[in-house]
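Here is the structure we will look at.
Every number in this text was worked out from the coordinates using simple rules, so none of it is lab data. What you see is a predicted model; the values in this text were computed from it and never measured. Here Cβ is always computed from backbone atoms with ideal geometry, including for glycine, and neighbour counts include all displayed protein chains.
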């Protein structure tokens, strides 16, 4: 499969279906993942463990919803919502652990993906960390006026 948008559509479908092996088959061995807070994961083995497995453990019902994809050449931009219930320990890529809170999560994110020879080679995810931490109960909600 060479169409970048189709590759990402498959990755999203496999992510939402919790199909780890099928999802991983769509990434290069030297994939690089970057996210807010200085998160960086290099290599498919670490991506499976520190991203897919970590988020599945923390929130087995997690998924990408309301997905919009925009493609230009080998770059695909995903705008979507991450929804989940935090029922298990979440381990961030740096090893920080957050015990289950039981809280529902629902926040928007943007992902930028580069596809090379039919496989995803880089991911950059952008989301509001304060919104996530507030939903997890790790930060107080903003004061209202």
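Quick notes
- For the stretch 34-145, the relative contact order works out to 23 percent when only alpha carbon pairs closer than 8 Å and six or more residues apart are counted.
- Ranked by how many other Cβ atoms sit within 10 Å of their own Cβ, fewest first, the residues 66, 61 fall in the order 66, 61.
- Pairwise FRET efficiency - residue 56 versus residue 129, Cβ, R0 = 25 Å, nearest 0.05: 0.75
- Computed from Cα positions, the angle between helix 4-16 and the longest principal axis of the chain comes to roughly 40 degrees.
- Over the chain, dividing the summed -39,500 (n - 2.57) contributions of all DSSP H runs of at least 4 residues by the number of residues returns a 222 nm mean residue ellipticity of -6000 deg cm²/dmol.
- Within the chain, DSSP assigns beta bridges of which about 90% are antiparallel (rounded to the nearest 5).
- Taking the inverse of the mean reciprocal distance over all distinct Cα pairs, the Kirkwood hydrodynamic radius of the chain comes to 15.6 Å.
- Note on the chain: with a GNM built from Cα contacts shorter than 10 Å, the maximum mean-square fluctuation among 21, 131, 46 falls on 21.
- Those residues of the stretch 128-144 whose amide nitrogen sits under 17 Å from the label point placed on residue 98, 7 Å along Cα→Cβ: 128-142
- As a calculated quantity, the FRET efficiency between residue 136 and residue 79 at R0 = 25 Å, using C-beta atoms, amounts to about 0.65.
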